[in-house]
Structures are given as C-alpha cells and as structure tokens.
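> What follows is a single structure, and I will ask about it in a moment.
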Amino acid sequence: MTTESYGALIIGSKIESLKAAYDLATIGHRVLLIEEEEKLQASLEDTEILPSGARSWYAIHPLLMAVRNHPLVDIVTLSVVDEIRHSKEGFSAFIRNKPYYIDTELCCFCGRCREICPVELPGSLKKAVDCISEKGIPRTFFIDKRKNPPCQNACPLGINIQGYLALIASGKFREALDLIRESAPLTGILGRICHHPCESQCRRNEIDEPLAICSSKRFVADYELENPYHDSGTEPKERYKERIAIIGSGPAGLTAAWELIRLGYRVTIFETLPVVGGMLRTVIAGYRLPQSILDNEINALEKMGIEIIANCPIGKNKGIGSLFDEGFKAILIATGADVNKKLGLGGEDLAGVYDSIPFLKRINLGERPSIGKRAVVIGGGNAALESARTLLRLGADEVNILYRRTSEEMPGDKNELLLTMEEGIKINYLVTPIRFLGKDNQLTGVKCTHMDLGEIEPDGRGDVVTGSATVVEAMGAAKKAALSIHRYLRGKPWREIEDQDETRGDYEPLDFNTPRSFRPLMPVRGIKERKDNFGEVELGYTKEQAIKEAKRCLQCGICSECKQCEIVCQNVGAVNHSGIKKHTEYRFRVVVSPRPLAEKFVSVLPEERIFCESEFGEGRRLEESLLLGAALAGKAAAFLTSQMEVIPKDSKKLSSFKEGVKSGLFICSCNESSGNLEVMKELAKFGAGFDEVAHSEVLPSACHPDGARIVADAIEGKEITRVVLAACSCCTLDMICTACNDQRLRCKGNLFNKQGLDPSIFEMINLKNFMATRRNMDLQGVLEGGKNMIECALSRVKFQEKLPGEYGALAKTVAVIGVTLEGLTAGIDLEKMGYHVYLIDERDPLLDKNISGEDKFYASIIEDIWERINSGSIVYLPGLQMKALEGYLGNFRIEFLGADQSHLRVSAILFSGVELEKVPLTGNLLRKGFARRTLPGFHSFSPWSTGIPGIFKMMVPQENSFNKKGLPGTAAAAEVVALLRKSEIRAKNIVSQVDQDRCRGCGHCLEACPFAAIEMVGDTIEDRKSSIIEMHCQGCGTCLSVCPTGAVDTIYKTEKQIEELIEVMLR
Amino acid sequence: MKHKMKVLAFLCNWAPWSCYTGMGDLEIPIPGEVNVIRVMCAGRVNTALLLKAFEKGADGVLIAGCRIDNCQNGTGPEVALKNIDHTYEILNLLGLKKERLQFKYYLAHESEKLSSDLHEFVERIGELGKSPIVGDQGNV
C-alpha cells in the first residue's frame, strides 16, 4: 500500500481547524484532518446565538459540510497521532485509529442497528450501538465494545454468553441458539450437565446471585426441539480433501469432529463401544441427560456430514498406522480417561463393592444388577451423587453417602446435591470408611470413622466423572486440538498470534443499587414420580422464566456481539464487529493545529513547518475563530505554495446531457427504513407505468457506492437520459445549505464524482423526509402522496436543462487598497501564494518607512514589503484616489483620479482600513453598495464578505492579541485566494439566464439582484438588455420574480418546471 | 362529504427547508393537505406562480422565507413581501380572501414552529372552505 501524501496535517476539529482545512484545500492543498473524538467537534450544537437570533451552529454547518465534501480533504476521526518521524520525502505521521465497528463511509444512518440492538444501557436511553450525532460528521453509529465479559472468558469453549442472554431477553430464541452454535456443538447436553464455570465468574455474584447461564442455554436448545426449523447450516468457506480420523465419540471427539467439519474437512469417528457418545452415554444417568437428547445432538452432527463408526476399537486388531494407510491425514485420540482410583481399603474385592464409573456404565448400558436394600456411596463428587441416585432408582430402600468433609467442601454440583437430598438420600459428613465387612465374599457392611475437618490436601480430589477434566473442558481442549490439526494440515504456524483489539475499554463499575433479584426456580418432576425411574428430573425453564432470567444480565461487555445489527445491515454491509485498530502512516509537509502541539512532535519538526497559534486561549467569538483558522491556512499556504495540487477532475462523464426523454426512477429504501417497503415497491411500480420510464427500481441505499453503481449501470445499459432519484438528497447542486448532511453529500459525491454522472440529467427528491413527516398517516394516504411526488418529479425532469460547466482560470491579480499593518501582511502573503499584488493608498504611508514607530513586528513587515516592492513582485501605487469601481469577480476595473495609470484590472479587491461607503461604485455596481451580507447570521458565515463577490473587507477584531501579529491580514489573504481558486474550478450550476428576445431592458432585475450579478448591456437605450454575470450569480431567482416579461429564468428549477410541479401537485 | 383542502407551501431552501428536514429527523408529522415546493429563495416566488397555484385549485398558499436579517441572499424576504403584496391586489380582484396567501419567517432550527404554522394554516383554510375558483367539486 502506498502512503497517502498530504500538504497539511490538521489536528483537532474545532471551528479554527475546519476553517483552516477548508481554506487550505480550496487554495489547492491536500489536507488530512485528524480528530481524536468520534465526531468533528465543531458539530456541537450548543454554540452561541448570533445577534440575528440564528444559532451559530447553523452558520457553521455549511462549513462543516463543505470540509466533509471537499475532494482534497480526508477526515480521520477517533484517531490520534502517535508519532511523527522525519522521512526522505518530508515527514510521516503515524496515526492510530480506534474502530467504530461501523464503516462510516457506508453507513446510511437508517438506524436499524440501534433499533434491533438488545442491549439497553441501564439508566439511559442509550444502546450498545448508538447514534453519534444527528447532524455531525461522520453521521453514523458507534458500537460500544468493552473487554470480553467474564463469563465468556471463563468458558473453555468461549461461548458468547452475554450475547445469547441478550437475545433470549428480547425473545430471539433461535438467534440465541445460532449464536451458541457459532462456538460449540451439543447445546442441549451442555445446557444440562455443564459444570458452568461461567456462573462463578458472573459479576452479578457481587450483587445477589449469578445468572442461570446453563439453564438458559438448555432453554434455547429445548425450544428448538419444540419449535423445529430448517437449519441449512453455514457452508464452510473452503473444502479440503484431507480426511481426519477421530478415536472416541465422547464429548471431546464429537466437538473436534464438529470443528473440523466446519473448517471443511472430511471426518470419521471410530468408537469402540456399540453405542455413541462416550461418557455422555455411559456415565451420565438418564435422569440428568435423557438418551433422546443425546441421540438428537449426535444426529445433528451426523447430518452435518460426520461419519461415526461404532463397534470399531482402534488398537488391538486395527492399529493407528492402518488408519494412515486408509488415507487419513491426521488422527485425533479422544478416548478420555475414565480410570478410577482404588481406595486401598480392606475388603475392597468383596462382591457388592463397585467402582462408580464402571458401575454407572453398566447401568447406562442396560444392566440391572441386584443391589440389595441398603447401599452406601463413598465420596462427594458428581459421580457419587449420580451413583446414589441411580441406586435409589434400582430399588434400594436406603442410600447413604459418606463424605469425609462438610457440605462446604463437597465438589459435586450444589443443585444436584439438593435434588439428591430431596429424594431422601442421606449425606453423612465427616465420615470415612476404614474397611469393608463381608461374609462369604459378599459385602455386609462398612466400618467407618469420624473425621475432623483438616487442611485439604494440595492434590485435592476433583470430580471424577470425566477423569481429569469436566465435559466443557474436554470440549474446549478438543476444539483447540481440531484447530491445531487444521494449522498442521495447512502448514500454518502452530500457534497463530491473534490480533488483539486493545482499544476496548473496561467494564462499567458495578451499581450496587441494582435491585436484588434471583434466578427462577427450576421446575422439577415430583419426588414420587421420579424416584423409581430414569426419566429426566429437571424440566427446564418456561419461556417467561428464561426471558426474565436473561434480563438480569448486567451486560458487562456492553456490546454483546449478538450480531443482530450485522444481519439487519447486510444489504449495506457497514457493521463490522472485528474492527481492529489500525496504525497508518501518512506523509505530510506542514502541521496546522490551533492548540499547542505535543512536545514530542515539536522536537521532531522544524519550527517553520508548525502552524499553531495557541496563546489566545478559549472562548473566542465565532468570527475570531474563523479569522484564526483562515490565518493559519494563509500562513501554511504561503509556505506550501510551490506544490499546489490539482483537484482531481472527473475522468469519465458517462452520460453527458442528451435531448430526448427516457427516464429512470430510483427509489432509495434507506435499508428498508425510510418507509414501508411495500409502499416503496408500489411507488416503483407506479413510476414504471409512465411511457417515458425505461427503468424503475428500489435501491437498498442510494448513498452506498453500490447504489451509485447500480444507477450508473442502468443509465448506460438502458440509455437513460433523465433520472429521478427519490432518496434523501434534496438537490443535484454542489452548493451546500443548512439542511445538508453526510449521507446526502456522499450520495451526490458517489454519483457525480466517483461514477462521473452528469447532474444535469438528475432530479432529486427527498422522499425520506416526505416519509418521515408522514409516519402518522395511513399507508394508503402515504402511497397516494408518494405517487404524486414521484409523478411531479417525473414530469419536472422532462424539462431539465443542461447545467453550465466549469470556468477558466482567473488572472492572478489582487488589489489591496489601504496600507495598514493588515493590508501589508495580506499583500505579502498574497504575493507568497503566487498572486500579483497592487498595493494602493490615497496617501503615501510607506514614504517614511516607519509609520507606527517602535513595533518590532511592524518594522519587519515594512522591511519585507520594501524588498518585494524593490524587486518588483509587489506594485506600490501611492497617492491614488479611486474614481470608479465596476466589474465582477475575476474582472474588476478600478479607475483613478488624474494619475498616469488611469485604470487597473484585477480579479479581486481587498479593502483595508477604507470606509466602504466612500468607494465610488459605478457601472454594474452602481446601485449595490456594500450593505448586504455584512450582517452576522448568514448561513455561510464570512466576516470578510462585502456582499459583492470578489470584493473583501479586512476584518480586524477589537482588542485581540493576534492583531499585533498581522494575522487578520494573513487571514484575509487566504480568504481572497480561496474564493478565486474556488471560482475557477467550481461548476456554478444554479445561475440565472436572460432570454434576450423577451428582455425589455427595464432594469428591475438589476435593482433586485443582491449580488451585483446583473449588468445592462447595449449601446443605445433601445438595445438595452440585462445580462447575467455568472461569476456573481448565486441562483436565488430574485431577478425572475421581478421580471415583468418572464425573460429571466434559473437554469435549475426553471419557471416551467415549477409550473409543471404545481399543476401535477394540484391535479 | 367534506373535500380535502389543497395547500401549497413554498419553502425557501435555507432556513425553512432546514426546518422541514428537521421535521423529518424528529418525525414531526406534517398535515396531509400540505404539498411542499422547495425554491432557492422566497424572493423567487413570483406572482405568476402564485396565481398559477390558485388557478389550479390551491385552497391556500404559504410562503416560508428566512428572517429578514438571516437571508442568505440578502433581499429575499423583502422581495417576497413585495411580490405577495402585488398578488394580494390581484387576489382581491378575483374575489379570493387574503388569508389564503401567507408569508412566514423562520430561523433554521424552528422545525416545531414550521409544523405548528402549517397545522394552523391548514385549519384556517379549512374554516374558509374550498377556493371559490375551483368550487366544491374539486374541478375547474
């Protein structure tokens, strides 16, 4: 990957940075804007209220959007600069991004992720995935992910427990089961017999009682049995030819087989016994795990394609080597370790003394040995409890458990212990056998002794049910073994280094005010009904119990990764849960930062490459912030001048404007969120019914790059000449207004810049807003209204006219009128940026070369300006009084009183310290004056504006320390160059035009135009006609509303189009 | 049967359009009688368009512009008011009540105000009844 290269790196996104970014980019430098927070800070809505009553946020908003939309600006949010290094080409910044887990360039802001997210944060309306900002940049969502929850960390299989609990809580039982199955097979088995190490780690332990995680798992497995659905399963990504043999069909063997078949291998299990399931079938009693459940789970695995061969011991007759001969490429031995330790007591060989595991095995395989009336079980693990309860069911009248410690130390499951005691089995604590008594080699009794509770031996005897490990641990180990086999066969390293997402934060602190609540009581069969048979004892939670219990989850990891959002976003594909933090290198030449730069960066960068004015503190007024931003841009631009970028032009224009109407209608469903999908489809069908409509479809998302591609393909394939796009964009213009947002801009950018389509052929209507303001209406009403809107657009688009293209380069000449400190600094900076500067004053203030006295900075400016005057790069014209000023941006004509050089032509004029009222405006500017647009509160706030495009006034804030440094001059210079550059490249597609045949030359339009965009042409009074100065025209249409003959019209939204619109609307 | 009123609302692209999209963001309902037309400036709505609207059967027309000192173009609301005054004279000649044509000012954040103004306007037009130009049949 090549490293992106930028002119300027701008750190932070306050108004100052945004202004600097916009001006620098408009002047022609590539800018990378880096923001630490998740959105640009200037999108804060609580900024000041302007004197006009408008919220300043709405004045800034177009600037924010313009920065977002500028082709030379790239924005990285949630990012920090880690390091700056000197490189051969200049400087490199290493930037660390935190993931949103949502692609901000794809998100269409439909909100469906938030809607479906089951994680509601306690005490707020927030969810795990929530909106960052309604109007800011980026306009998107953010997933709050913390460390993995403790329950998941404790699970040897890594099951996403919080996730499935969240799904159960929202009634999505199938989804919960699917989520479990992403990490583990045998759900119904685990849900019954897992020793649930997760529950002991549950943070709810510290408040009341841990979640009933295991029983919740059982619930979803049982739910599937009662409500079966066709699960086609996910196909492996790849299929491999290798066959793998697994010896043993216990939980480990089954799990390994499951993992391997999902990876794409062919798997065969060899089982010694005639029955499948290993200890699950032979050791665990049916009243805990019914055979039918086991059969079901094994069937499911066989359906996945796992081959199980029973009655096939590997070892004696058929050796492991023979498996290799048969073509197996890897063999996993998963036979478990069900060997019991002998007690080492006298009489252990008497008939009637059994080892628990072989005993249970015999029973489970169907044997029913005679066991007498009284039985004793030695030990306190699950096997002991299991044996005792089995003995009871075989007909023993009295069963005693002997355990050498107290109930506290008992390793068996507490719940099982309760059930055991319930069934009348007596537990004798602190009792241990000394030896077995017998007669005729037949057990008759046990001699015991009383124990004192001592220290537990370090080797501590664990649960012997599976030998050294529990079911879930065996399964976890098997999963790892399967992955190792996969790595071995694919030639991958033995252990893969996993990319850890280090950006995740810690859990929220526990709230000890959380209301106490306890898990529901597990329904069980009555003692009488269960005592004499092997039917299942626990009956499982009801739906209501399961939901209630799942809602107790504290949601430690916040996002539970239930992936529901990923599913609802699949058409857009913006959600990505595996967002990994990225380190990216960007090359740059200068750094601009309104705030002080960190010392570690200052030490690397030469002083002249840092543009930072930090000593002015906070709390600036809006216009001061803009001034500082522009000044930073001006300084940086003066430094960067030698390397201006050319704005990338559209390489292809797929559809240049053609006569003849063949329309396409595209309706954006905004990922099926903007309105009822059936209504959207009906609207598309309705549109298709018009004769001129050649194509009509509903798009999943018009602001998605694929949406733009679909539109472009249809235009090309069907030779469409007019397009109606009913999405959320309101217009086709490149103008940015207060209502615009990220998605609307992106939609237009994808269509017009990336796909190179011609905006002239488009009509855009904001159907999303239409739908949103009609949520309360019945669908029929919405449909009728929508049809009318579509019909209006389709008839309007027929009258579309070709919008004008680009303008050529403007002369690089600027007049600075008024020699003040600011005027001089502006002159110097304009010259540095490559402009020819005329420095004009009525007097000759530079004559004595020292007009302000002792100020050092001023003295250096005077010295600098004289150098430039002497070298001829700045033309100094003292003692000139203006006689006339007329013309327009790119071509102003200034006439002087009685001077040799009687007039001057410049592209722009900057007044500094001049009373604007006294400027002799003539010609087309005669009636204008400078009153307009100097009021605060304009939507596109420019304190330098005079109301006449191309004529600027110096803005000098009162009592501001940065005035002394000449910053207002630099700012104004940047502003002048930015406007000139923008006018050269911007396609002005909203200008008015005059029909010369209908124009009577009355001049009403000239009077009404607020922008001096109209001049009267013609030599005689009869020939007098008005003419539009496109450079000034803003397309407001005021001129045509005052034209008595209908000669003036706007190209965008012509009179004819609006008439057509009214007609169709009122039909 | 009571005929549904037909109301046109010309919204300036700046503050009023921002209020309208704000209504969408907040899902504030708009009266079903209202048809919205976006124009680049309130000053662009000329007498011809206003008369066209009444000719085609509009029962009421509302022009929403920016507050005078907030106009993006400077003169929009002033020009709009002039145009409306001019139109009033013609409406008078046609026998149409002045109340059927209204001008309202907005700031960009006033979505609630736009909504309540539209509801009020629709109600007022309802009280006035169908436009006499079209008559009760809804046809010319």
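> Just for segment A:373-460, what percent of DSSP beta bridges are antiparallel, to the closest 5?
Details: 8 of 17 bridges.
Expressed as a percentage, antiparallel bridges in segment A:373-460 total about 45.
> Can you tally the net charge around A:Leu323? Count Lys and Arg as +1, Asp and Glu as -1, for every other residue whose Cβ sits under 12 Å from the Cβ of A:Leu323. Mind dumping the intermediate values first?
Numbers: positive: A:Arg243, A:Lys318, A:Lys329; negative: A:Asp325, A:Glu326.
Net charge around A:Leu323: +1.
> Right, next: Which chymotrypsin sites (Phe, Trp or Tyr not before Pro) from segment A:200-232 combine a DSSP loop assignment with at most 14 other Cβ atoms within 10 Å? Can you show the working numbers first?
Details: sites: A:Phe219, A:Tyr223, A:Tyr229; in loops: A:Tyr229.
Taking segment A:200-232 and a limit of 14 other Cβ atoms within 10 Å, the loop chymotrypsin sites (Phe, Trp or Tyr not before Pro) found are A:Tyr229.
> Using a Förster distance of 56 angstrom, determine the FRET efficiency expected from the C-beta separation of B:His86 and A:Leu121, and round it to 0.05.
On the way: r = 58 Å, r/R0 = 1.03.
Computed FRET efficiency for B:His86 and A:Leu121: 0.45.
> How much of the DSSP beta bridge set in the protein assembly as shown is antiparallel, as a percent to the nearest 5? Walk me through the numbers before you get to the answer.
Details: 49 of 140 bridges.
Once the DSSP bridges in the protein assembly as shown are tallied, antiparallel ones form about 35 percent.
> At a Förster radius of 41 Å, what calculated FRET efficiency corresponds to the Cβ-Cβ distance of A:Lys373 and A:Thr272, to the nearest 0.05?
Values: r = 35 Å, r/R0 = 0.86.
That pair, A:Lys373 with A:Thr272, gives E of 0.70.
> Please give the length that would be gained between A:Leu926 and A:Glu182 if that part of the chain were fully extended, namely 0.36 nm times their separation in residues minus their C-alpha to C-alpha distance (nm, one decimal). Walk me through the numbers on the way to the answer.
Numbers: separation 744, 0.36 × 744 = 267.84 nm, distance 7.64 nm.
Gain on extension, A:Leu926 to A:Glu182, equals 260.2 nm.
> Whenever you get a sec, compute what percent of the accessible area on chain A sits on carbon and sulfur atoms (1.4 Å probe). Could the numbers behind the result be given before it?
Values: 22720 of 46100 Å².
Reported share for carbon and sulfur atoms: 49 percent.
> Continuing with this model, one more query. When all protein chains stay in place, what accessible area (Å², nearest 10, 1.4 Å probe) is found for A:Glu659?
150
> Extending each Cα 7 Å along its Cβ direction at A:Glu544 and A:Glu302, get the distance between those two points in nm, one decimal.
3.9
> I've got another one for you. Please say if segment B:7-128 is rounded, prolate or oblate, where rounded means a/c under 1.5 for a ≥ b ≥ c the square roots of the C-alpha gyration tensor eigenvalues, and otherwise the choice is prolate for a/b larger than b/c and oblate otherwise? Numbers along the way, then the final one.
Numbers: a/c = 2.06, a/b = 1.21, b/c = 1.70.
Since a/c reaches 1.5 but b/c is at least a/b, the shape of segment B:7-128 is classed as oblate.
> Using every pair of alpha-carbon atoms in segment A:663-797, split the distances into 5 Å bins beginning at 0 and state the percent of pairs per bin, rounded to integers.
2, 11, 23, 25, 21, 12, 4, 1
> While we're looking at this one, here's another question. What are the ³J(HN,Hα) couplings of segment A:862-872, residue after residue, when phi is run through the Karplus curve with 6.51, -1.76, 1.60 and θ = phi - 60°? Round to Hz, x for glycine and proline.
Karplus values, whole Hz, x for Gly and Pro: 4, 4, 4, 5, 5, 4, 5, 5, 5, 7, x.
> Okay, next question. Highest first, please rank the peptides A:94-104, A:1037-1047, A:435-445, A:24-34 by the mean number of other Cβ atoms sitting within 10 Å of their residues.
Working: A:94-104: 19.7, A:1037-1047: 22.6, A:435-445: 13.5, A:24-34: 26.6.
Top to bottom by mean Cβ count within 10 Å: A:24-34, A:1037-1047, A:94-104, A:435-445.
> With every protein chain present, what is the per residue accessible area of chain A (1.4 Å probe, Å²)? Intermediate results must be reported in sequence, preceding the final value.
Working: 46100 Å² over 1067 residues.
Spelled out: the 1.4 Å probe surface of chain A, per residue, equals 43 Å².
> So, one more: Quick one: length gained pulling A:Glu716 to A:Arg525 fully straight, 0.36 nm per residue minus the C-alpha distance? All intermediate terms of the calculation are to be shown ahead of the outcome.
Working: separation 191, 0.36 × 191 = 68.76 nm, distance 7.03 nm.
Gain in length upon complete extension: 61.7 nm.
> Considering amide H positions built from the backbone, and no H for Pro or chain starts, which residues 5 or more places from A:Ile874, or on another chain, come under 5 Å of its amide H?
It is A:Ile869, by chain and number.
> Let me ask another. Peptides A:416-422, A:624-630, A:309-315: what's the order by average Cβ count within 10 Å, highest mean first?
A:624-630, A:416-422, A:309-315
> Let a ≥ b ≥ c be the square roots of the eigenvalues of the Cα gyration tensor of segment A:373-460; is it rounded (a/c under 1.5), or, if not, prolate (a/b larger than b/c) or oblate?
Numbers: a/c = 2.18, a/b = 1.14, b/c = 1.91.
It is oblate, given that a/c is not under 1.5 and a/b is not larger than b/c.
> Only protein chains counted, 1.4 angstrom probe. Which residues of segment B:106-122 are at least 10 Å² less accessible in the assembly than when their chain is isolated?
Residues passing the criterion (a loss of at least 10 Å², heavy atoms only) are B:Leu107, B:Ala108, B:His109.
> Right, next: When ranked by the protection proxy of mean other Cβ atoms within 10 Å per residue, highest first, what sequence do the peptides A:147-157, A:700-710, A:290-300 form? Spell out each step's value before the answer.
Working: A:147-157: 20.8, A:700-710: 22.4, A:290-300: 17.4.
Packing proxy ranking, top to bottom: A:700-710, A:147-157, A:290-300.
> For chain A, take the longest principal axis of its alpha carbons; what is the angle in degrees between that and the long axis of helix A:251-263, to the nearest 10 within 0 to 90?
Its long axis makes an angle of about 30 degrees.
> Right, next: Roughly to the nearest percent, how much of the accessible area of segment B:7-128 is carbon and sulfur, given a 1.4 Å probe?
On the way: 1930 of 3930 Å².
Summing carbon and sulfur atoms, their accessible area is 49 percent of the total for segment B:7-128.
> Compute the angle between helix A:677-688 and the longest alpha-carbon principal axis of chain A, please, reported from 0 to 90 degrees and rounded to the nearest 10.
It works out to around 50 degrees.
> Something else now. Using only the Cα atoms of segment A:42-175, each taken as one equal point scatterer with no solvent, compute I(q) by the Debye sum, divide by I(0), and report log10 of the ratio at q = 0.09, 0.13 Å⁻¹.
Debye curve over Cα of segment A:42-175, log10 I(q)/I(0) at q = 0.09, 0.13 Å⁻¹: -0.46, -0.83.
> Now for a separate question. Can you tell me, using C-alpha contacts under 8 Å and at least 6 residues apart, the relative contact order of chain A as a whole percent? Working shown, then result.
Numbers: 2136 pairs, mean separation 141.3, N = 1067.
Answer for chain A is 13 percent.
> What does the charge count around A:Ala169 come to, taking other residues whose C-beta lies under 10 Å from its C-beta (Lys +1, Arg +1, Asp -1, Glu -1)?
Numbers: positive: A:Lys172, A:Lys548, A:Lys551, A:Arg552; negative: A:Glu120, A:Glu549.
The answer is +2.
> In Å², nearest 100, what accessible area do chains B and A bury in total when the solvent probe is 1.4 Å?
Values: alone 7630 and 48400 Å², together 51470 Å².
Approximately 4600 Å² gets buried when B meets A.
> With every protein chain present, what accessible area does A:Arg262 have (1.4 Å probe, heavy atoms only), rounded to the nearest 10 Å²?
Accessible surface of A:Arg262 is approximately 80 Å².
> Hey, another quick one. Under the rule a/c < 1.5 gives rounded, and otherwise a/b versus b/c splits prolate from oblate, where does the protein assembly as shown land using the Cα gyration tensor? Mind dumping the intermediate values first?
Numbers: a/c = 3.02, a/b = 2.10, b/c = 1.44.
Prolate.
> Net charge near A:Gly675: determine it from the other residues with C-beta under 12 Å of the C-beta of A:Gly675, scoring Lys and Arg +1 and Asp and Glu -1.
Working: positive: A:Lys681, A:Lys768, A:Arg774, A:Arg775; negative: A:Glu672, A:Glu678, A:Glu682, B:Glu27.
Charge balance in the 12 Å sphere: 0.
The values are calculated or read from the model by the stated rules, or taken from the named source; none is laboratory data. It should be emphasised that the depicted structure is a prediction, and the values quoted were computed from it without experimental measurement. Backbone-built Cβ (ideal geometry, glycine too); neighbour counts: all protein chains shown. Surface accessibility is based on the protein's heavy atoms, side chains included, excluding ligands, DNA and RNA. Shrake-Rupley method; radii C 1.70, N 1.55, O 1.52, S 1.80 Å.
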